[in-house]
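The values are calculated or read from the model by the stated rules, or taken from the named source; none is laboratory data. These figures come from a predicted structure and were not determined experimentally. Cβ placement follows ideal geometry from the backbone for every residue including glycine, while neighbour counts extend to all protein chains displayed. Only protein heavy atoms, including side chains, enter the accessible area calculation; ligands, DNA and RNA are left aside. Shrake-Rupley method; radii C 1.70, N 1.55, O 1.52, S 1.80 Å.
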Amino acid sequence: MKTLTTLTIMAALATGSAGASAADNIKIEHIGVNNTYVRVNPDQKYVILPVQDGVDDARINLIVDGKTERTFYVRLAKSKVDFEVPFDLSKYKGHNVILDIRANHDRSSIRESQEEACWNLIRTSDTFDKTNRENFRPLYHHTPEYGWMNDPNGMFYHDGVWHLYYQWNPYGSKWQNMTWGHSTSRDLIHWTHEGTAIEPDGLGTIFSGSCALDPDNTVGYGKDAVVALYTSAADMQTQSLAGSTDGGITFQKYAGNPVLTLPTEARDPNMFYNPDTKLWTIVLAHALEHEVLFFTSPDLKTWTKTCSFGKVAAQGGVWECPDLFPLEIDGKKKWVLLLNLNPGGPFGGSATQYFIGDYDGKTFTSDTLADGTIPTKWMDFGKDHYATVSWSDAPDSRRTAIGWMSNWQYAADVPTLQYRSANTCPRDLSLFSDNGEIYLASVPSPELRKMRSKASVANVSFSAPAKGRTFALPKANDGICEIEFDIDASKKKGNTEIILSNEKGENVKIIYNAADNTISFDRKESGIVDFSIDFPAVTVAPTFTHDGRTSVHMLIDRSSIEMFAKDGRYAMTNLVFPNQPYSSMKVSSTAGAKISNLNIYPLNPSK
C-alpha cells in the first residue's frame, strides 16, 4: 500500500505554489500544552492538514473575524503522516482566519508540542492532489476521492443523471464530521465528484436521509426543486429539511429546522410523495426501539404520525436506514420495507433485512407465515452489505438500490488510508415466490454490462471432475472480471467447489451444496485478513432452488466479490484484500455436477 511520506511532503513545501509561500500564509502560536493557534492567510484555496490515522482527534474551532464559525475534528499528525486532507478557504478570502486547535496527545510541555510533525507540514495551496495512492481502491465501484464514507443518502434520478449522496468525513479515514458528500453518474459506472452538499451546523452533524423531486412545489422551494430530509445529530437526533434549486448541487436549509423532534432517538428519514393523497409519506427509524415510525405531511414541515411497525424479526443492535417502495408480482402490488440492522446480521455485525407487505397510505402491514409470525428475511448473505436504500424517480419504473460495502465490525480497520469504504454495485430489485412466500431478488443493474470486453472464456460446458478443471482469469485492469455459469447437480450427492486463487496461494472457496440448497463463500485465506478477528469468515446463502440446480454470477473488483444467482434469488457481498489479483478459477465436483454457459468477461470501466 502506498502512503504519503514526510519526505514527499517536505519536497512539496520546498517547491511551493503560486502566490504566497506556505511560510507566509501560516503562523503557528502555541498557547498551551494542548492548545495551538494556526493563523491562516486565506489567499489560497486550501489549508492542507497532515493526518496520522492512529492518533486521537484534535478539535479544531474555525474562528473567522473573532467569531467561531464551526468546529471539526482531525487526527493531526504527531510522528508520521499517513495522508493529507484539505480545508476549503475559498469563502474566507479577505477575512482573519484562526484554526484554534485543541489536541489530546498526552504532552508534558509546550516544547513537546512544538516537536509534533503537523506544525511543520500544515500549509496553504491552490490545489490538492487527489491522485489515487491505494492498491485496493475499486475500479468500478463508487468511492469517495478521499476520506471516510458510510451510508448512501438522498439518492434520486433526474434528467438522465443518477445522484448519490453519502455519509462523508472530509477530514479523515475514520467516522467523524458527518457531512453529505455528492457524486453523479449517467451510467452507474463513472462517477463525478460534486463535492460537499450539506455541511454540519448548529443543530449537529448531518446524518442519513433522503431526497425527492417536488414537481408541485408542495414544500416551497419552487417547482421541480429537489428536497432533502435528513437527521441533525447532536446530543439528540432531530429531523431537518433543505431544498435545492440547482439540481441538487447546493442546498438551502429551512430556517425553521428542525421540522420534527421526538423525545427518543430517531433517524434516517425516508420519504416519497403520494400524488393521490397529495401527502408525503415519511418512514423514520426508531433506532433503539427496533421499530419504524410512519408519518404523513403536506409540506415536510407539519407532521401526522399514522402508525409504527417493528419489534419483530431480527432485533439485535439498532434499526437504521429504512426504505419503503412498491414492486409488482403476478400483477399485484406489494410493498417492500428495507430495514438495516447493526449488529445482529446473520454472520455478525451489520446487514439488511426486509419485510414484504401492504401499505394503504397510513399503515404498513407485513405478510406473515401460516402461524402468524413475521419471518426474518435478509437481502444479502455476505458480510459487507449495509445501509441499502434505493433511488427515487428512477427511469422506466425501475427500483434500483445501492448499499455501503463494509461492516461496522471492521470498517475503520480495513487496509486503506487515503479513503475508506466503497458502495456496492447498483442492483435492480424485483419479487419472486418460493414455497408460498414472497422474497426480494436483486441483480446487478444492466448498465454494468457495458464494461464487458470480449469473453476470455465463452459458452463453455463440461462435467466438473473431482480433481477439478482450471480456467485462467483475465489479467488486464488488475484482474477485474465478471463470471457467469450454471450448475446442475441434480443427483444431490456431494458438493461443487469453485476456488479463486492467485500465485501467492491466497484463495476464496465457494461451495454449492445441492442437498442443502445452499451456497457458501469462504474468505479465511483470501489475502490480508488479520486486521480484524471478525474479517475471516464463511458466509452461506440459501439458493431458493429445490432441484439441485443453481447459477453463479460474480462481479470481481480489486477488493470485493459480489455473487448473485442469475435471476437474483440470492446475493452475497464480501470484501477481499488479495496481495495479488486472483488469476485462476478451479471448478471441481464430487456431485457429478454439470457446468454450462460458462462465460468470463474481462471488465474495462474506461469503455
Tell me, yes or no, whether the range 430-445 has at least one residue that is without any contact (Cβ under 8 Å) to a residue 60 or more places away in the chain and not in a loop (DSSP other than H, G, I, E, B).
no
Identify, by number, the condition in (1) in contact (Cβ under 8 Å) with a residue 40 or more places away in the chain; (2) part of a loop (DSSP other than H, G, I, E, B) that ASP530 doesn't meet.
(1)
Residue check, ASN169 of a type outside the set (A, V, I, L, M, F, W, C), open to solvent by 10 Å² or more (accessible area, probe 1.4 Å) and either touching a His at 6+ places or on another chain (Cβ under 6 Å) or modelled with pLDDT of 95 or more (or both):
no
Looking only at the range 393-423, which residues are part of a loop (DSSP other than H, G, I, E, B), polar (S, T, N, Q) and touching a Gly at 6+ places or on another chain (Cβ under 8 Å)?
ASN407, GLN409
Scanning the range 56-82 residue by residue, those among the β-branched types (Val, Ile, Thr) and within 29 Å of the chain's Cα centre (by Cα) turn out to be ILE60, THR71, VAL74, VAL81
Considering only the range 56-84, state which residues are under 14 Å from TRP119 (Cα atoms), in a loop (DSSP other than H, G, I, E, B) and either of a type outside the set (Lys, Arg) or in contact with a Leu (Cβ under 9 Å, 6 or more places away or on another chain) (or both).
ALA77, SER79, VAL81
Tell me which residues, restricted to the range 263-300, are within 20 Å of ALA233 (Cβ to Cβ) and either surrounded by fewer than 16 Cβ atoms within 10 Å (Cβ to Cβ) or among the small types (Gly, Ala, Ser) (or both).
PRO263, THR264, GLU265, ALA266, ALA285, ALA287, LEU288
Here are some conditions: (1) part of a strand (DSSP E or B); (2) open to solvent by 10 Å² or more (accessible area, probe 1.4 Å); (3) free of Cβ contacts under 8 Å to residues at least 60 places away in the same chain. GLU328 meets all but one. Which one does it not meet?
(3)
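Residues LYS67, LYS93, LYS80: which one is basic (Lys, Arg) and within 21 Å of LYS174 (Cα to Cα)?
LYS80
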For the range 354-395, how many residues meet the condition of being more than 30 Å from GLY160 (Cα to Cα) and among the polar types (S, T, N, Q)?
6
Between a residue in the range 534-551 that is touching a residue at least 12 places away in the same chain (Cβ under 8 Å) and on the phi > 0 side of the Ramachandran plot and any residue that is open to solvent by less than 40 Å² (accessible area, probe 1.4 Å) and of a type in the set (Ser, Thr, Tyr), which pairs come within a Cβ distance under 8 Å, given they are 6 or more apart or on different chains?
PHE544/TYR439; PHE544/TYR570
Taking the stated definitions as given, is GLY316 out of contact with any Ser or Thr (no Cβ under 9 Å at 6 or more places or on another chain) and crowded, with 17+ Cβ neighbours inside 10 Å?
no
Pull up the range 535-581, narrow it to residues that are under 19 Å from the mean Cα position of the chain (by Cα) and not hydrophobic (A, V, I, L, M, F, W, C), then point me to the one that is most open to solvent (accessible area, probe 1.4 Å).
ARG558
Provide a single number: the residues in the range 50-60 that are buried (at least 17 other Cβ atoms within 10 Å of the Cβ) and closer than 24 Å to LEU203 by Cβ.
3
Looking at the range 292-315, I want the residues that are of a type in the set (Asp, Glu) and have a partner that is part of a loop (DSSP other than H, G, I, E, B) with Cβ atoms under 6 Å, at least 6 apart or on another chain. Which pairs are those?
ASP299/THR218; ASP299/VAL219
If I go through the range 512-524 residue by residue, how many of them are modelled with pLDDT of 95 or more and loosely packed, with under 15 Cβ neighbours inside 10 Å?
1
Restricting attention to the range 584-603, and to residues there that are part of a loop (DSSP other than H, G, I, E, B) and open to solvent by 40 Å² or more (accessible area, probe 1.4 Å), which single residue is farthest from GLY527 (Cα to Cα)?
GLY592
Residue count for the range 294-317, restricted to those that are over 28 Å from the mean Cα position of the chain (by Cα) and not β-branched (Val, Ile, Thr):
7
Output the residue which, of all residues in the range 211-240 that are closer than 15 Å to TYR273 by Cα and within 23 Å of the chain's Cα centre (by Cα), is most open to solvent (accessible area, probe 1.4 Å).
LEU213
Answer with yes or no whether GLU69 is in contact with a Pro (Cβ under 7 Å, 6 or more places away or on another chain) and acidic (Asp, Glu).
no
Flagged in the range 61-79 as open to solvent by 10 Å² or more (accessible area, probe 1.4 Å) and of a type in the set (Val, Ile, Thr), in numbering order, are ILE63, VAL64, THR68, THR71
In the range 512-527, which residue that is over 27 Å from the mean Cα position of the chain (by Cα) and touching a residue at least 60 places away in the same chain (Cβ under 8 Å) is nearest to THR573 (Cα to Cα)?
TYR512
Which members of the range 80-136 meet the condition of being open to solvent by less than 90 Å² (accessible area, probe 1.4 Å), among the small types (Gly, Ala, Ser) and more than 27 Å from ASP65 (Cβ to Cβ)?
SER109, ALA117
Among the candidates SER461, SER433, SER453, residue that is under 16 Å from ASN597 (Cβ atoms) and open to solvent by 30 Å² or more (accessible area, probe 1.4 Å)
SER461
